[in-house]
Protein chains: 2
Amino acid sequence: MQIKVAKRGGFCFGVKRAVDMTRKLTEKVRDGVYTLGPLIHNPQMVEKLALQGVNSTDDIHASNIKVLIIRTHGVSSKIYAEALKMGYKVVDATCPFVKKAQQYAQLLKQEKYQVLLVGDKNHPEVQAMLDFAGDNVITVSNSEPVPALKSRVGIIIQTTQDIKALERVVCESLGYAKELKIYNTICDSTALRLREAKKIAKAVDLMIVVGGKNSANTTQLANFSKGICGKVYHIETADEIQDGWLDGVKKVGITGGASTPQWIIDGVVEKLQKISPGR
Amino acid sequence: MQIKVAKRGGFCFGVKRAVDMTRKLTEKVRDGVYTLGPLIHNPQMVEKLALQGVNSTDDIHASNIKVLIIRTHGVSSKIYAEALKMGYKVVDATCPFVKKAQQYAQLLKQEKYQVLLVGDKNHPEVQAMLDFAGDNVITVSNSEPVPALKSRVGIIIQTTQDIKALERVVCESLGYAKELKIYNTICDSTALRLREAKKIAKAVDLMIVVGGKNSANTTQLANFSKGICGKVYHIETADEIQDGWLDGVKKVGITGGASTPQWIIDGVVEKLQKISPGR
């Protein structure tokens, strides 16, 4: 059985940076290190960090915080300002590409555009971005039609969305707005990871997408692969692999989301190699 | 036989304004009235104006010009400035919507965007617009792929193009540019005329599109109708209608381009009514 592992699967620049920052911090500070929400959307990595003393909290007012880490998805300027006032140390691990998208949202607001944000309303990155885009922002998810718009519209998009979502929203917006300003804030890493996953999915009998079930971009990889390859599984760890999955399979493709650690992907490859010789 | 005449076929706002301006002028000035190129893309109307003493010239330096009329498509700022220096009167009949598109082209240039102009390179409106967009402008016609672009791109479109052309170019541009500023300079009249023509073409057995063979927007109406109705003819006047066209036809649709005079459309309707009773 042939195994093809995506080169672009696994930690993206922003996630690697946030994890490195957090680990470095734990070398100096032994307790009271908290992330505001899980640092990344990967339960196994979050668990590992917990063993190093990094816990997650939803409450910036919690009395036991000594250092608060802002995760890759960022936070609203209001929460950030409030955290700064608390007296503990605030470490900003917001992905620089997310930060840039926040600045564009703010710029569009300042330039008096009606801001349209393409993304998942419940995703923390989008929720933080809303604050920068101002009160009149409209959020449109990948599956929603674009509502009636004003004549000057500014568009930004969640960094981990697919370009097709942006294209669809822009085309629909052209039916309303006379002036459109678009910042394509999809990060290159997302675009390249999706492109590679599609290519691999085309060439294999079985596609395994590794990463948090709560990770939007991992779920997206799995969904796109399902449209191309007949047999796709989204797993968090190697333990979920079932022997029967490999029946009749000659080629397996493996990729991971932006928040999937390399050691988990390696574990999946090892498990497959262990099962495969007998086939 | 039923005849359905489009409400939106015929003179648009800009063409009506230019023809009215020219006619009013001929009431005061008896000779030396010239248009820079044919006033509109309709040979019959241009011929009629010639009978009223309005001739067309391609040479702004011609010695017999007393009044020079700039037609609806506009001219470059260079030609306009040169004409002003000639000492004769210059009457600017540029369509206000074209003028606005020229201003947007200039604005995008000033804001240092790489300007992408969607339209027909040989059309006078596009040729004039190029001057306002600056030296680095790229023109893309409806059938051409978008070439590699810089990271900041500004897009404008010939006022008589179809929204589908803009959508296609914008989607392709999103593959290159990180920041896109789009002015949808398609005039409402074009959009509504095309929409109505498509609706009529769907409901009839024969579609007759009336207007200059040199008129881009009339040709566009005919081409779009051909994709919907099985039998479509593009004619300039009623004389071209052949009896055989109506064989087996129960419903005829008629529309005209932005530069088609009402009297020509009326002539087509009369001719059809004359042929039809015997069928």
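Within region B:195-215, residues that are over 12 Å from B:ILE3 (Cβ atoms) and charged (D, E, K, R) have Cβ atoms under 9 Å from residues that are open to solvent by 40 Å² or more (accessible area, probe 1.4 Å) and in a helix (DSSP H, G or I) in these pairs: B:LYS198/B:PHE224; B:LYS213/B:PRO43; B:LYS213/B:THR219, counting only partners at least 6 apart in sequence or on another chain. Filtering region B:214-224 to residues that are over 20 Å from B:ASP266 (Cα atoms) and either polar (S, T, N, Q) or surrounded by fewer than 18 Cβ atoms within 10 Å (Cβ to Cβ) (or both) leaves B:ASN214, B:GLN220, B:ASN223. You will find that of B:GLY211, B:GLY257, the residue that is on the phi > 0 side of the Ramachandran plot and open to solvent by less than 10 Å² (accessible area, probe 1.4 Å) is B:GLY211 and no other.
Do we have A:LEU49 as surrounded by fewer than 21 Cβ atoms within 10 Å (Cβ to Cβ) and part of a helix (DSSP H, G or I) here? Here the answer is no, as A:LEU49 does not meet what is asked. Every condition in (1) surrounded by 15 or more Cβ atoms within 10 Å (Cβ to Cβ); (2) farther than 18 Å from B:THR139 by Cα is met by B:ASN64 except one, and the failing one is (1). When every residue of region B:40-54 is checked against the conditions, none turns out to be farther than 27 Å from B:VAL210 by Cβ and out of contact with any strand residue (DSSP E or B) (no Cβ under 8 Å at 6 or more places or on another chain).
Filtering region A:238-269 to residues that are small (Gly, Ala, Ser) and part of a strand (DSSP E or B) leaves A:GLY253, A:GLY256. Scanning region B:10-45 for residues that are in a loop (DSSP other than H, G, I, E, B) and either without any contact (Cβ under 8 Å) to a residue 24 or more places away in the chain or at positive phi (or both) returns B:GLY10, B:ARG30, B:GLY32, B:GLY37.
Listed here are the residues, each with its yes/no results for (1) farther than 29 Å from A:GLY256 by Cβ; (2) modelled with pLDDT of 95 or more.
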{"position": "A:LYS16", "(1), (2)": "no, yes"}
{"position": "A:VAL19", "(1), (2)": "no, yes"}
{"position": "A:LYS28", "(1), (2)": "yes, no"}
{"position": "A:LEU36", "(1), (2)": "no, yes"}
{"position": "A:HIS61", "(1), (2)": "yes, yes"}
{"position": "A:SER77", "(1), (2)": "yes, no"}
{"position": "A:ALA81", "(1), (2)": "yes, yes"}
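Here B:VAL252 meets each of (1) at pLDDT 95 or above; (2) open to solvent by 10 Å² or more (accessible area, probe 1.4 Å) with one exception, condition (2).
Residues that are more than 25 Å from A:LYS112 (Cβ to Cβ) and within 12 Å of chain B (Cβ to nearest Cβ): does region A:205-219 have at least one? Checking region A:205-219: not a single residue is more than 25 Å from A:LYS112 (Cβ to Cβ) and within 12 Å of chain B (Cβ to nearest Cβ). Contact annotation: residue pairs with Cβ atoms under 9 Å, 6 or more positions apart or on different chains, pairing a residue in region B:180-193 that is within 11 Å of chain A (Cβ to nearest Cβ) with a partner that is among the acidic types (Asp, Glu), are B:LYS181/A:GLU179; B:LYS181/B:GLU111; B:ILE182/A:GLU179; B:TYR183/A:GLU179; B:ASN184/A:GLU179; B:ILE186/B:ASP162; B:ALA191/B:ASP162. Being on the phi > 0 side of the Ramachandran plot and of a type outside the set (A, V, I, L, M, F, W, C) holds for only one residue in B:LYS85, B:LYS112, and it is B:LYS112.
Scanning region A:176-199 for residues that are aliphatic (A, V, I, L, M) and surrounded by fewer than 23 Cβ atoms within 10 Å (Cβ to Cβ) yields A:ALA191, A:LEU192. Among the residues of region B:147-175 satisfying the criterion of being in contact with a strand residue (DSSP E or B) (Cβ under 7 Å, 6 or more places away or on another chain) and open to solvent by 10 Å² or more (accessible area, probe 1.4 Å), which is nearest to B:ILE228 (Cα to Cα)? Filtering first and then ranking leaves B:GLN161. Quick one: would you say B:SER173 is within 14 Å of another protein chain (Cβ to nearest Cβ), within 30 Å of B:VAL146 (Cα to Cα) and among the small types (Gly, Ala, Ser)? So B:SER173 passes the test.
The values are calculated or read from the model by the stated rules, or taken from the named source; none is laboratory data. Bear in mind the structure is a predicted one, so any value in this text is a computation, not a measurement. Glycine also receives a Cβ, built like all others from the backbone with ideal geometry; neighbour counts cover every protein chain displayed. Quick note on the areas: whole protein, heavy atoms, side chains included, nothing else; ligands and nucleic acids left out. Shrake-Rupley method; radii C 1.70, N 1.55, O 1.52, S 1.80 Å.
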